[in-house]
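Student: There's a structure below that I have some questions on.
What follows draws every value from the coordinates through simple rules; no lab data is involved. What you see is a predicted model, and the numbers here were worked out from it, not measured in a lab. Cβ: placed from backbone, ideal geometry, glycine included. Neighbour counts: every protein chain shown.
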Amino acid sequence: MSDDEKLDQRIQLVASSSFGRDVDEWRRGQQDLPSRSEAIRRLVYLGLQHEQEHPMRMITAIVRPHRYEAVREALMKLGVSGITATQVQGFGRQRGQTEFYRGNEYQVAEVPKIKLEVAVSSGMAEAVIEAISKAAGSGKIGDGKIFVSGLSEVVRIRTGERDEKALD
């Protein structure tokens, strides 16, 4: 927003007190924001700018192997056109697991998981996150994690199509 631009539009915002505290805390870290309304204007502008720069999202999910089919079906129902699935190993809070082999107990440090990667438009990201959470969740430790990151560009190698056209 330029300095010459006149601020003549009033927008009413109803928010929780925790939202106000978060805005005020962020504002204190800035050098040039004299008011809460100016901080909210800046945050909205930054959000819009981020959305323009990253119109797509890369959603990476780590799920239990036996839940993969359910997650895949849920994503297909949403209209997700492509999924990359990789068998991986790792650990989180569960710190591995105990297995028995020929009567002996063994401690396995890494647990097998499936890593899913899905590139979607930003408007579809929340529905994808919800679908993965419902299909993969059991409420127990080890259900997995979902990571969301901005995706600034996608190119289909065969045709050269870019961005959202390349996602279909």
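Student: Does anyone have the angle between helix 17-28 and the longest principal axis of the chain? Alpha-carbon axes, 0 to 90°, nearest 10?
Tutor: 70 degrees
Student: Moving to a separate point now. Between the helical axis of 68-78 and the dominant principal axis of the chain, each derived from Cα atoms, what acute angle in degrees is found, rounded to the nearest 10?
Tutor: 40 degrees
Student: Name the shape class, rounded, prolate or oblate, that the alpha-carbon gyration tensor gives for the stretch 21-132, where a ≥ b ≥ c are the square roots of its eigenvalues, rounded holds for a/c under 1.5, and otherwise prolate holds if a/b is larger than b/c and oblate otherwise.
Tutor: Oblate, since a/c reaches 1.5 and b/c is not below a/b.
Student: Would you mind computing, in nm to one decimal, how far apart the modelled labels at residue 12 and residue 126 are, each placed 7 Å from Cα along Cα→Cβ?
Tutor: Calculated label separation equals 2.2 nm.
Student: Here is a follow-up. Report, in deg cm²/dmol and to the nearest 500, the calculated mean residue ellipticity at 222 nm for the chain, where each DSSP H run with n ≥ 4 adds -39500 (n - 2.57) and the sum is divided by the residue count.
Tutor: It comes out at -10500 deg cm²/dmol, rounded to the nearest 500.
Student: Explain nothing, just the number: dipole magnitude of the chain about its Cα centre with +1 on each Lys and Arg Cβ and -1 on each Asp and Glu Cβ, in debye rounded to the nearest 20.
Tutor: 740 debye
Student: Counting other Cβ atoms within 10 Å of each Cβ, which trypsin sites (Lys or Arg not before Pro) in the stretch 131-168 have at most 13 and sit in a DSSP loop?
Tutor: When the trypsin sites (Lys or Arg not before Pro) of the stretch 131-168 are filtered for loop state and at most 13 Cβ neighbours within 10 Å, 140, 156, 158 remain.
Student: How high is the FRET efficiency from residue 48 to residue 76, r the C-beta distance, R0 30 Å, rounded to 0.05?
Tutor: 0.40
Student: Then there is this: Taking the Cα centre of the chain as the origin and placing charges on Cβ (Lys, Arg +1; Asp, Glu -1), which of 89, 123, 167 is farthest toward the positive end of the dipole?
Tutor: The residue sitting farthest along the positive end of the dipole is 89.
Student: Within the chain, how many Lys pairs that are eight or more residues apart, or on different chains, come under 26 Å at the alpha-carbon?
Tutor: Lysine pairs meeting both conditions in the chain amount to 14.
Student: Across the stretch 147-157, in residue order, what do the Karplus-derived ³J(HN,Hα) couplings come to in whole Hz, using 6.51 cos²θ - 1.76 cosθ + 1.60 with θ = phi - 60° and x for Gly and Pro?
Tutor: In residue order, the calculated couplings are 10, 10, 9, x, 10, 8, 7, 9, 10, 7, 4 Hz.
Student: While we're here: Only counting other Cβ atoms within 10 Å, I'd like 108, 120 sorted with the fewest neighbours first.
Tutor: Neighbour counts put them in this order, fewest first: 108, 120.
Student: Label-point separation (nm) for residue 41 and residue 24, each offset 7 Å from Cα along Cα-to-Cβ?
Tutor: So the label points at residue 41 and residue 24 sit 2.1 nm apart.
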